[in-house]
């Protein structure tokens, strides 16, 4: 388990929900934030995982993220269950190989011009090496002074250092419907919601299902605002997040 603790030292924090190969929406959202100086290279950026699969442009999304990784020194990229399955397909976690295709991995392979059924070793040679490095170095849990960032969630029955990979990447209802004792607000993706899900002070869900036709979200955890792009659209909408309920527009 790759757990990273950082000190933000008063830096602003922005967290991005599941992208799932929706490169156009991600480019629109990130360009808006950059062009309007809403984010700067001094800010902490957190990407919650599931950059790939289901959408058509996983290769392009990860290419954008690799560029951001070099431009923004305080950007952090979390592991998602879909990145974990991809590594399974390439032989790193072979027990996840079959699940990768069943969960939208065919779209990712297509974006890399890799044919299904290609032996894992050969397929790995067809993958951009910078992308493989990116997938291999993802963080499972990121901890700051006030927040815990994780893709799926945390099992409320276990301490932080007792969590399993299955919990942090795959857990849903067992985490979402229960209070927890981790003493920080947990920011998570994985489970899509129509709007940013707010269960203050316990958790905030930021996967708003862009790959299912809804929208891609970024949340500003300093000024408590959201920025969103609907699937297939070019306009960015923004509004305030109410800590005791759903975001208002």
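The values are calculated or read from the model by the stated rules, or taken from the named source; none is laboratory data. None of these values were measured; they are calculated from a predicted model. A quick note on method: Cβ atoms are made from the backbone with ideal geometry, for glycine too, and the neighbour counts reach across all protein chains shown.
Taking the stretch 198-249 as the region of interest, none of the strands (runs of 3 or more DSSP E) fully inside it holds 3 or more residues being surrounded by fewer than 22 Cβ atoms within 10 Å (Cβ to Cβ), at pLDDT 95 or above and touching a helix residue (DSSP H, G or I) at 6+ places or on another chain (Cβ under 9 Å). Within the span defined as the stretch 48-62, one or more residues are more than 14 Å from the chain's Cα centre (by Cα), modelled with pLDDT of 95 or more and part of a helix (DSSP H, G or I).
Screening 40, 74 for residues that are in contact with a strand residue (DSSP E or B) (Cβ under 7 Å, 6 or more places away or on another chain) and either surrounded by fewer than 23 Cβ atoms within 10 Å (Cβ to Cβ) or at pLDDT below 95 (or both) leaves exactly one candidate, 74. Of all residues in the stretch 167-184, those being without any contact (Cβ under 8 Å) to a residue 24 or more places away in the chain and closer than 21 Å to residue 46 by Cα number 4. Here the stretch 168-197 is the region considered, the condition is being in contact with a strand residue (DSSP E or B) (Cβ under 9 Å, 6 or more places away or on another chain) and assigned to a helix (DSSP H, G or I), and the residue that is surrounded by the most Cβ atoms within 10 Å (Cβ to Cβ) is 168.
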